[in-house]
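Novice: Before I ask anything, here is the structure I am working with.
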Amino acid sequence: MSAPGPKQSRILIGLVLGAIVGCLVNYLFVPPAVPGAPPAIPNWLKTINENVAQPIGQIFLRLLFVTVVPLVFASLAVGVSQIGGMGAVGRVGAKTLGYFLLTAAIGATIGLTLVNAVQPGVGLSDESRQQLEKQYGGEASKKQPANYTVMTFVESMLPRNPVKAAADLEMLGIITFALLVGIGITKLDKPKAEAMTRFLESVGELMVFIIQWAMVIAPVGVFCLIFTTTSQLGFGLLKLLGGYVAVVVVGLAIQGLVVFPILVKVLGGRNPIWFFSNARTSIITAFSTSSSNATLPTNIRTAEDRFGVPPRIAAFVLPLGATMCMAGTALFEGVTVLFLAQVLGVTLDLASQVIVVVLCVLTAVGAAGVPGGSIPLLMTVLASRGIPPESIALILGVDRILDMCRTTVNNIGDLSAVLFVARSEGALGEPKAESSPK
Ligand code: ASP
């Protein structure tokens, strides 16, 4: 299921240029925000963003998104059917899920520890708070949290109608259905099982062609996505929420550049520098799209072509990871819950914070791998701790930037998980397209 990649350096250039040009345009042409008023973006910039940059960015993003449901379904079903009987699926599944939960718990704990130490919410002035509430309060009320109960969990895990789940991009439901189909294939007569597997493999390979087309325009698409964000956002909000943003970013850096590299070395048996240099395209795609799902096709290629992970393991671990492996999201949620508690003067004792860690892990596993996918679930965590969910408005303005960073860490987690599972199954082969030492 692999395809030749784009020139990684060209995508990186698109990313850096987009950020530089966007920040420059913002600095030169967007006046600093007046307290209480929406950001005064000039009309010509709005026109360029709405008619050129956003559409081109969306073409790139949607060419990736359009492949996600067929790719997750086909690759997971084939992966499960090839891993072997229920016992083997259970063993690999347990390792995979255990890794996801453990790394998310580490992420949430790092986040809470940092926010307790730095206390970024304590210093935020009343005036800043009111300004942020005015600007983003409306958006927050649009994002109503669903009431998360055992029943909603069952409903999201087991859809009544898989086609509807696919249409609504409910990935947990699609994952369960794919697991059932994959296990079912192992029970079919040999000719039927082979026909089914061949069909699903063809679907996967077909999606790769579409992904290849997306990657042709990736440098321009990435430029446009980053330009749209940076040209509108600039640095104003980052200054207002500086402490909070810094805590999230430092936490993510610890998780992405210290914790995961250690796991790559110890559990994946690979040199972290080799890991990062071969994961470049995936990491850039995650950063620029803010979507684990949109990064899935690139991840499968990275794992198979560059890491030497066999397709049956990549096809099993990575689709699960795109929805469930979200250490960066768990960390971000932990910091945000405590930050907002500090701002609003809600005290969370140690026991409450332990519950926050557990909730962050569970909601991160359940969050959709799309831009802002964790926000509705995060609102339920806030509500459960007595923090008004509307207070999310305070941080929505900087969420896009933080989403780019946490999705990158989620993605590093996905790739480290696939290395670990492949190695623990004794299946980590020689990479096909190798660079630098292992
Ligand atoms: N954008 C994240 C992802 O796709 C999910 C989130 O934290 O909102 O991994």
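Novice: Rounded to the nearest angstrom and ordered from largest down, what semi-axes does the equivalent ellipsoid of the stretch 296-408 get from its C-alpha gyration tensor (root of 5λ)?
Specialist: Values: eigenvalues 201, 41, 20 Å².
For the stretch 296-408, the ellipsoid semi-axes come out as 32, 14, 10 Å.
Novice: Quick one: among I210, I401, I412, which has the greatest mean-square fluctuation in a GNM of the chain with alpha-carbon springs under 10 angstrom?
Specialist: Greatest mean-square fluctuation among the candidates belongs to I210.
Novice: Roughly what % of Cα-Cα distances in the chain sit above 34 Å, to the whole percent?
Specialist: On the way: 29163 of 95703 pairs.
Within the chain, distances greater than 34 Å cover 30 percent of Cα pairs.
Novice: Explain nothing, just the number: relative contact order of the chain, from Cα pairs under 8 Å at least 6 residues apart, as a whole percent.
Specialist: Once normalised by length, the contact order is 31 percent.
Novice: Mind checking the angle between helix 126-142 and the chain's longest principal axis? C-alpha axes, 0 to 90 degrees, to the nearest 10.
Specialist: Roughly 40 degrees between the two axes.
Novice: Let me ask something additional. How do the peptides 371-384, 258-271, 168-181 rank, highest first, by the average count of neighbouring beta carbon atoms within 10 Å per residue? Don't skip to the answer; put the middle values down first.
Specialist: Numbers: 371-384: 21.6, 258-271: 17.6, 168-181: 20.0.
Ranked by mean Cβ neighbours within 10 Å, highest first: 371-384, 168-181, 258-271.
Novice: Given springs between every Cα pair under 10 Å in a Gaussian network model of the chain, which of G426, G308, G334 has the largest fluctuation?
Specialist: For the chain, modelled as a Gaussian network with Cα springs under 10 Å, the answer is G426.
Novice: Here is a further query. If R₀ is 41 angstrom, what is the calculated FRET efficiency for the pair I41 and I183, using the beta carbon separation as r and rounding to 0.05? Let's see the in-between values first.
Specialist: Details: r = 52 Å, r/R0 = 1.27.
Between I41 and I183 the formula returns 0.20.
Novice: Find how much the distance from V163 to V258 grows on full extension, using 0.36 nm per residue of separation minus their present alpha carbon separation; answer in nm with one decimal.
Specialist: Working: separation 95, 0.36 × 95 = 34.20 nm, distance 4.08 nm.
Using 0.36 nm per residue and subtracting the Cα-Cα distance, I get 30.1 nm.
Novice: Based on the mean of other Cβ atoms within 10 Å per residue, sort peptides 309-315, 211-217 so the most packed one is first. If you can, show how the numbers build up before the last one.
Specialist: Details: 309-315: 23.6, 211-217: 18.4.
Listed from highest to lowest mean packing, they are 309-315, 211-217.
Novice: Stretched out fully, how many nm does the piece from A427 to F199 gain, at 0.36 nm a residue minus the Cα gap? Could the numbers behind the result be given before it?
Specialist: Working: separation 228, 0.36 × 228 = 82.08 nm, distance 2.47 nm.
Extra length available between A427 and F199 comes to 79.6 nm.
Novice: Report the charge-dipole magnitude of the chain in Debye, nearest 20, computed about the Cα centre from +1 at each Lys and Arg Cβ and -1 at each Asp and Glu Cβ.
Specialist: Values: 29 positive and 23 negative charges, 148 e Å.
For this selection, approximately 720 debye.
Novice: Now a separate question. How far, in nm, would the chain grow between Q119 and S9 when pulled straight, counting 0.36 nm per residue and subtracting the alpha carbon separation?
Specialist: Working: separation 110, 0.36 × 110 = 39.60 nm, distance 3.90 nm.
That works out to 35.7 nm of additional length.
Novice: If I model a spin label at R91 and T152 as a point 7 Å from the Cα along the Cα→Cβ vector, what separation in nanometres do I get?
Specialist: 3.8 nm
No lab work stands behind these numbers, since they all come straight from the coordinates. Bear in mind the structure is a predicted one, so any value in this text is a computation, not a measurement. No Cβ is skipped: glycine too gets one built from the backbone with ideal geometry, and neighbour counts run over all protein chains shown.
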